[in-house]
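Any read-out appearing in this document is the output of simple, stated calculations on the displayed coordinates, not a laboratory observation. Fair warning: this is a prediction, and the values are worked out from it, not measured in the lab. Here Cβ is always computed from backbone atoms with ideal geometry, including for glycine, and neighbour counts include all displayed protein chains.
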Amino acid sequence: MAQSQAAARQAGEEVQVRPEPVADAEADDSKVPELSKDAELSAYRSMLLIRRFEEKAGQLYGMGLIGGFCHLYIGQEAVVVGMQMAAIDGDQNITGYRDHGHMLATGMDPKGVMAELTGRRGGYSRGKGGSMHMFSKETHFYGGHGIVGAPVPIGAGLAFANKYRENGNVSMTYFGDGAANQGQVYETFNMAKLWQLPVVFVIENNRYGMGTSLKRASATTNLANRGLSFGIPGEQVNGMDVRAVKAAGEKALEFARSGNGPMILEMLTYRYRGHSMSDPAKYRAREEVQKMRSENDPIEQVSHRLQEKGWASEDDLKAIDKDIRRIVNEAAEFAQADPEPDPSDLWTDVYAEA
Amino acid sequence: MPTNILMPALSPTMEDGTLAKWLVQEGDQVAAGDVIAEIETDKATMEVEAVDEGRLGKILVGEGTEGVKVNTPIAVILGDGEDASAAEAAAASAAVEAPAAAPQDTPAAANGEDTSDIAAPPPAAAEPSQAEEQIEVPEGTEMVELTVREALRDAMAEEMRRDGEVFVMGEEVAEYQGAYKVTQGLLDEFGAKRVIDTPITEHGFAGLGVGAAFAGLKPIVEFMTWNFAMQAMDHIINSAAKTLYMAGGQMGCPIVFRGPNGAAARVAAQHSQDYAAWYSQVPGLKVVQPHSAADAKGLLKAAIRDPNPIIFLENEILYGQSFAVPKLDDFVLPIGKAKTSRSGDAATIVSFGIGMSYALKAAEALAEEGIAAEVIDLRTIRPMDIDAVIRSVQKTNRCVTVEEGWPQSSVGSHISAELMTKAFDHLDAPVINVTGKDVPMPYAANLEKLALPSVKEVVEAVKSVSYR
């Protein structure tokens, strides 16, 4: 850590060791509704699955088994898990390229996701999409998009279809603090409110758009307010606390589902790893990451509560961890043993049969 | 069981690196996330984090070692109750196993060293199929005169009556009845739910249309002109065209993007571009550019039913022109089929859309001079019915292409290349591409005329390939 600061200084960059408060909401924990034992256990499992899956993906990347770009979700698990706990069947999910967590949270099979990461025929996209491009109609996951900002109007289009069909579903459209400055986001906000589309815009503010902090990229840093000109209400949420996410998600989804149009949830969260695997993360201090990990880890928070309330012993949690590791290891084994796509697959899926 | 820490790949291209520094020593306890070492790659110094907890049993690669290959074990982490001998055993076995971890044929294929299993494209027929063109309109069908504008509107209305999931959106399509009146009357018949005025935000509403199509609706997205669709290009290409492939066939994008393309009259450079060649380059898109009202109707109906993203290129000048359209309940034409608009054996003129106006007039003029040119209307640019062109060239041995777009990487240059590859022995002269001139469209009336192709240029080109 000292080395990294020294290296950065040598490179003429200023490193600011100034951990920012995560959220005002965080200060007052008493407002956060408690979860039931079952909900806490379910959140723990879901978040741990994402964490272990991503750690394994990082390992496989390091071994050269996963190629290209690989953006890990570690640290942000509470956001997608909390939202998913608030959603009802049929609500859609769409996000950018940091997407493995969303896939797992919607119930996509870890084997199929991992096999896509290794580019094998058993992957969700038969090896042709990779880390950033997977889809599952079955779990209502609409990708997995590699272009910053692009999922935002597409997510509103999913909401448009919900309204058109009057099916009562809401589109959960995720994007990051980096994407929040994209022009198409505001084109979408305008149409979503104009047409009262059932969409919840979930801004995962992990504080850095690649290596540029929010403050260095955004004229205003309260992203929950970004919809105000369009009449879209927004709320900042402690995205490290799955309880807070679930509660805010329920409120926002209900708002959108009841015909009130879109709502924005700014999830204040943090990614522990670099932007992608090849990011040395010199733009932030090691202490900042360590502080987040040790004081705000979304999984540790649940683990702590479960034990404190006597809902799970350390051994119980270890057993869950063991089971999750088994699932992830099986996924990793499948993803390595599964054959690559048949060369003839190069030519398939360009066009759908008319 | 001891866990090996392997030299990680830290970028898509890294093959080896320098183990710059160990930040832990043998015997230290480590937890997941602890930084244990620093590695220098050609791009940056990266920190290596422990991915598991345990005790660092043995360091296998000392600090300062350069050229450490990716996947080489660099240290061993021991679990509870394990000792260093276990570490050594693990390291020894890992050294043997590690290379086998990578699939054997992947790196070679990626490096292009082994081309033995690189798939060939689906075989094209060695000779173009000799099948005659399908009869598209049954004999005795009553024909009615319709403008292209009316034909397009009728196509949309018929498909909207047929399928409740078809809707139209775009700027001024509803209450204004269409900037070029192509959507006239649709709001009255189908209501505001299905005929939707959008804000002037092409990037946003194109993306929104794509999302609706992902969900299974069948949007018709009108661009007031294709010039404005450059703002929506990312969604047309990255979101619409590529998704079926990226999803391994699981999810596609049944959408029609349509509107007037190319030059109108005196609207200058930013409003006069022909995009046929641009879109025709993209796998996943189908690109249709009809000339006649009948083709406009039959092909737009087909486009709306097609499960793929369709680029439907219309033309403002053609909107008001009338053609005979068959009076049939459900007149649908196949996408991807060219038609012979005029038969002849002296030379083949290939064109599409507004280009057909020049081609047909030129053929008429040539006929007066006793030169019988055959005119092929591609109708669809992608997938291109190159077989129809080849069949004609086998007969005429000469070819001229006509389009309003720019010359470099034009549709015509693609046809030329295809003919050279697939019909070289049938050509008696180099193919000539008559195109728009290689300049932005000027405003002045005389310059605009000069910038566009002309009947005279087509006539001269046909004479040139005929050596007359």
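Observations, loosely collected:
- Given charges at beta-carbon only (K, R positive; D, E negative), |dipole| of the protein assembly as shown in Debye: 1540 debye
- Long-range HN-HN contacts of B:ILE376 with modeled amide H, under 5 Å: B:SER341, B:ILE349, B:VAL350, B:SER351
- For the pair B:SER409 and B:ILE135, the difference between a 0.36 nm per residue extended length and the Cα-Cα distance amounts to 95.3 nm.
- Note on A:SER313 and A:ALA337: with the Förster distance fixed at 35 Å, the Cβ-Cβ geometry gives a FRET efficiency of about 0.45.
- A simple rule links phi to the HN-Hα coupling: the Karplus curve 6.51 cos²θ - 1.76 cosθ + 1.60 with θ = phi - 60°, which for segment B:47-64 gives 8, 9, 9, 5, 9, 9, 9, x, 10, 6, x, 7, 9, 9, 10, x, 5, x Hz, with x for Gly and Pro.
- In this structure, the residue pairs whose Cα-Cα separation is over 19 Å, taken from B:LYS339/B:LYS361; B:LYS339/B:LYS449; A:LYS111/A:LYS246; A:LYS56/A:LYS128; A:LYS322/B:LYS58, are B:LYS339/B:LYS449; A:LYS111/A:LYS246; A:LYS56/A:LYS128; A:LYS322/B:LYS58.
- Averaged over the residues of B:335-343, the number of partner chain Cβ atoms lying within 10 Å of the residue Cβ comes to 0.
- For the protein assembly as shown, projected area of the alpha-carbon convex hull averaged over all directions, nm²: 38.2 nm²
- Scoring A:266-277, A:151-162 by mean Cβ neighbours within 10 Å over their residues and listing the highest first yields A:151-162, A:266-277.
- Among B:VAL70, B:THR13, B:PRO2 the positive-end extreme of the charge dipole of segment B:1-74 (Cβ point charges): B:PRO2
- Degrees separating the helix B:386-396 axis from the principal Cα axis of chain B, which is the longest one: 50 degrees
- With both residues required to sit in segment B:143-326, DSSP beta bridges show an antiparallel share near 20%.
- Rounded FRET efficiency, nearest 0.05, which uses the C-beta distance separating A:SER258 from B:ASP16 and R0 of 56 Å: 0.45
- D_trans [Stokes-Einstein, Kirkwood Rh over alpha-carbon pairs] for segment B:340-420, 4 °C, 1.567 mPa s, µm² s⁻¹: 104 µm²/s
- Shielding of peptide A:341-352 by partners, expressed as the average count of other chain Cβ atoms within 10 Å per residue Cβ, is 6.
- Principal-axis tilt of helix B:455-465 within chain B, Cα atoms, nearest 10 degrees: 70 degrees
- Computed E for B:ASP52/A:THR212 - FRET, C-beta separation, R0 22 angstrom, nearest 0.05: 0.10
- For segment B:8-16, the Karplus equation 6.51 cos²θ - 1.76 cosθ + 1.60, evaluated at θ = phi - 60°, returns couplings of x, 7, 10, 7, x, 10, 5, 10, 8 Hz by residue, with Gly and Pro reported as x.
- Magnitude of the charge dipole, segment B:143-326, Cβ model with Lys/Arg +1 and Asp/Glu -1, debye to 20: 360 debye
- Pairwise Cα inverse-distance average, inverted: Kirkwood Rh of segment B:143-326 (Å): 16.1 Å
- Sorted ascending by nearby beta carbons within 10 Å, beginning with the fewest, B:TRP226, B:TRP406, A:TRP311 become A:TRP311, B:TRP406, B:TRP226.
- Note on A:THR221 and A:HIS304: the extension gain reaches 26.7 nm, defined as 0.36 nm multiplied by sequence separation minus the Cα-Cα distance.
- 3J(HN,Hα) from dihedral phi, segment B:214-224, Karplus parametrisation 6.51/-1.76/1.60, rounded to Hz, x for glycine, proline: 4, 6, x, 6, 10, x, 10, 9, 8, 9, 4
- Amide H contacts under 5 Å for B:ASP16: B:VAL70, restricted to partners 5 or more places along the chain or on a different chain, H placed in the peptide plane at 1.01 Å from N.
- Placing unit charges on each Cβ (+1 for Lys and Arg, -1 for Asp and Glu) gives the protein assembly as shown a dipole about its Cα centre, and among B:SER454, A:GLY178, B:VAL350 the Cα reaching farthest toward its positive end belongs to B:SER454.
- Debye log10 I(q)/I(0) at q = 0.10, 0.13 Å⁻¹ for chain A, Cα point scatterers: -0.61, -1.04
- Ranking A:GLN92, A:MET103, A:MET132 by Cα position along the charge dipole of segment A:64-144, where only Lys, Arg, Asp and Glu carry charges on their C-beta atoms, puts A:MET132 farthest toward the positive end.
- DSSP-defined antiparallel bridges as percent of all bridges, chain A, nearest 5: 10 percent
- The mean sequence distance of close C-alpha pairs (under 8 Å, at least 6 residues apart), as a share of the length of chain B, puts its relative contact order at 11 percent.
- Paramagnetic label reach from B:GLN25 (point 7 Å along Cα→Cβ; backbone nitrogen cut-off under 15 Å): within segment B:46-79, residues B:56-59, B:63.
- For the segment B:46-55, counting C-beta atoms of other chains within 10 Å of every residue's C-beta and taking the mean gives 3.
- Convex hull of Cα atoms in chain B, direction-averaged projection (nm²): 30.4 nm²
- The number of Lys pairs in segment B:143-326 with C-alpha atoms less than 26 Å apart, excluding pairs fewer than 8 positions apart on the same chain, is 16.
- Computed about the Cα centre, the dipole magnitude for chain B is approximately 2100 debye when only Lys and Arg (+1) and Asp and Glu (-1) carry charge, each at its Cβ.
- In nm, spacing of pseudo-spin labels at B:ASP330 and B:ASP188 (7 Å Cα→C-beta vector): 2.7 nm
- Cα long-axis angle, helix B:148-162 against chain B (0 to 90 degrees, to the nearest 10): 60 degrees
- Length gained on full extension, A:LEU346 to A:GLU235, computed as 0.36 nm times the residue gap minus the Cα-Cα distance: 35.4 nm.
- With the simple model of a label 7 Å out from the Cα in the direction of the Cβ, B:ARG468 to A:LYS251 spans 8.2 nm.
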